[in-house]
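Novice: Let me give you the structure first, and then I'll get to my questions.
The values are calculated or read from the model by the stated rules, or taken from the named source; none is laboratory data. Remember, predicted model here, so these are calculated numbers, not experimental data. In this analysis, Cβ positions are derived from the backbone assuming ideal geometry, glycine residues included, and neighbour counts consider all displayed protein chains.
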Amino acid sequence: MRDFRGKKVLLTGASSGIGAALAREFARRGSDVFLAARNLERLEEVRLDCEKAGVSARSFVVDFASEASINAFADQVLAEGLLFDCIVLNAGISQRALAFDTDFSVDRKIMETNFFGPVLLTKRLEPMLRGERKVNMAVTTSISGLFGFPLRTAYCASKHALFGWFEALEVENQNITMTFLIPGRINTPISKSAVHGDGSSHGTMDAGQANGMDVDKCAKVAYKAIARGRHRKLIGGGELIMVYIRKYLPALFFKIAPRISAT
Ligand SMILES: NC(=O)c1ccc[n+]([C@@H]2O[C@H](COP(=O)([O-])OP(=O)(O)OC[C@H]3O[C@@H](n4cnc5c(N)ncnc54)[C@H](OP(=O)(O)O)[C@@H]3O)[C@@H](O)[C@H]2O)c1
């Protein structure tokens, strides 16, 4: 198990939910944390919590749907000579709309935020990722990255894509230990910021979300998975059974998946 005490950890999507809880967990265990997201006020709340653990913490306003914003962030990181020991690519938005009701611009927005954003940032951080130096990376995908699920076409696509790109990156770079965090349903506000077909926010805490695993418990499981260098870690409750049904009983999966509540 890698000890991240005194190590530098970058977490995206650290202003809320899983990213915020995982930042607190890294801080509690002695890591210096670098927190990135769009909402500075919420980032600062997490930063102050982390500092209470006696570590150093910094907030960075970054929009992962914007190339310019990612490039500005990467420029600053490289100019300061920061070297992260662990990078957690966790920022993401979800979707609550049928494929044919989703405007193509919304498909692109979800792909930009959930897939191209992490890819661009990773490419820009090449100087600290290439070579002999050992780096842990974690990518928050989803069980929706392992099968199709209603009202989530672009979301599923973005989460499937993460597996492909980052696993190939790992194969190309022996110094990178990759962990795919694969949550099922975790109690975070993600359904509130999920987008409808016209790009507007869903704005509702879905029952499925509210009944999900406690976010601090999720963060503890995620931390251990990263520290142990686990390649894939499913995190959640009974909903995880769908992963096995899709894999081993696909005919059954296609019968029951359309009937599961997607909200
Ligand atoms: N909760 C679940 O049940 C669940 C299940 C499977 C996978 N996941 C995945 O877990 C990750 C974290 O989600 P969560 O559940 O913790 O939801 P959350 O509480 O809504 O957190 C999402 C985080 O992503 C950030 N974010 C969203 N769009 C961004 C953008 N354009 N630029 C920068 N940051 C952005 C948000 O920060 P700002 O709004 O401040 O930018 C926030 O910090 C996501 O990738 C999600 O897909 C969650």
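Novice: Just a yes or no: is a residue in segment 69-90 in contact (Cβ under 8 Å) with a residue 60 or more places away in the chain and in contact with a His (Cβ under 7 Å, 6 or more places away or on another chain)?
Specialist: No, the conditions are met nowhere in segment 69-90.
Conditions tested, residue by residue: (1) surrounded by fewer than 16 Cβ atoms within 10 Å (Cβ to Cβ); (2) within 14 Å of the ligand (Cβ to nearest atom); (3) of a type in the set (Lys, Arg).
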{"residue": "Gly19", "(1), (2), (3)": "no, yes, no"}
{"residue": "Glu25", "(1), (2), (3)": "no, yes, no"}
{"residue": "Ala36", "(1), (2), (3)": "no, yes, no"}
{"residue": "Arg42", "(1), (2), (3)": "no, yes, yes"}
{"residue": "Phe73", "(1), (2), (3)": "no, yes, no"}
{"residue": "Val77", "(1), (2), (3)": "no, no, no"}
{"residue": "Glu80", "(1), (2), (3)": "yes, no, no"}
{"residue": "Cys86", "(1), (2), (3)": "no, no, no"}
{"residue": "Leu89", "(1), (2), (3)": "no, yes, no"}
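Novice: Another one. Quick check on my filter: what residues within segment 237-263 are of a type outside the set (D, E, K, R) and touching a Lys or Arg at 6+ places or on another chain (Cβ under 6 Å)?
Specialist: Scanning segment 237-263 gives a single hit, Phe253.
Novice: Can you confirm whether segment 98-108 contains a residue that is closer than 27 Å to Lys233 by Cβ and either in a loop (DSSP other than H, G, I, E, B) or touching a helix residue (DSSP H, G or I) at 6+ places or on another chain (Cβ under 7 Å) (or both)?
Specialist: no
Novice: Something else about it: Return the residues of segment 49-76 that are of a type outside the set (Gly, Ala, Ser) and within 20 Å of the chain's Cα centre (by Cα); say none if nothing qualifies.
Specialist: Cys50, Arg58, Phe60, Val61, Val62, Asp63, Phe64, Glu67, Ile70, Asn71, Phe73 - these are the residues of segment 49-76 that are of a type outside the set (Gly, Ala, Ser) and within 20 Å of the chain's Cα centre (by Cα).
Novice: Determine, yes or no, whether Ser59 is over 30 Å from His231 (Cβ atoms), at pLDDT 95 or above, within 12 Å of the ligand (Cβ to nearest atom) and surrounded by 18 or more Cβ atoms within 10 Å (Cβ to Cβ).
Specialist: Answer is yes for this residue.
Novice: Looking at Lys159, Lys247 in this structure, which one is out of contact with any Pro (no Cβ under 7 Å at 6 or more places or on another chain), surrounded by fewer than 20 Cβ atoms within 10 Å (Cβ to Cβ) and on the phi < 0 side of the Ramachandran plot?
Specialist: Lys247
Novice: Looking only at residues that are more than 11 Å from the ligand (Cβ to nearest atom) and either surrounded by 14 or more Cβ atoms within 10 Å (Cβ to Cβ) or of a type in the set (Asp, Glu) (or both) in segment 181-201, which one is farthest from Ser94 (Cα to Cα)?
Specialist: Restricting to residues being more than 11 Å from the ligand (Cβ to nearest atom) and either surrounded by 14 or more Cβ atoms within 10 Å (Cβ to Cβ) or of a type in the set (Asp, Glu) (or both), the top hit is Asp198.
Novice: Just the residues that are out of contact with any strand residue (DSSP E or B) (no Cβ under 6 Å at 6 or more places or on another chain), farther than 18 Å from Ala225 by Cα and small (Gly, Ala, Ser), please, taken from segment 146-185.
Specialist: Correct list: Gly148, Ala157, Ser158, Ala161, Gly164, Ala168.
Novice: Restricting the search to segment 227-253, which residues are without any contact (Cβ under 8 Å) to a residue 12 or more places away in the chain and either touching a Phe, Trp or Tyr at 6+ places or on another chain (Cβ under 7 Å) or under 26 Å from Gly6 (Cβ atoms) (or both)?
Specialist: Residue satisfying the conditions is Ile245 alone.
Novice: Which condition number in (1) more than 14 Å from the ligand (Cβ to nearest atom); (2) of a type outside the set (D, E, K, R); (3) not in a helix (DSSP H, G or I) is the one that Leu48 fails?
Specialist: It is condition (3) that Leu48 fails.
Novice: Counting just the residues of segment 23-44 that are assigned to a helix (DSSP H, G or I) and closer than 24 Å to Ser66 by Cα, which one comes out nearest to the chain's Cα centre (by Cα)?
Specialist: Here the answer is Ala23.
Novice: Does segment 203-211 contain any residue that is within 17 Å of the chain's Cα centre (by Cα), at pLDDT 95 or above and within 10 Å of the ligand (Cβ to nearest atom)?
Specialist: no
Novice: Among the numbered criteria (1) at pLDDT 95 or above; (2) out of contact with any Pro (no Cβ under 9 Å at 6 or more places or on another chain); (3) not in a helix (DSSP H, G or I), which single criterion is violated by Leu234?
Specialist: For Leu234, the exception is condition (2).
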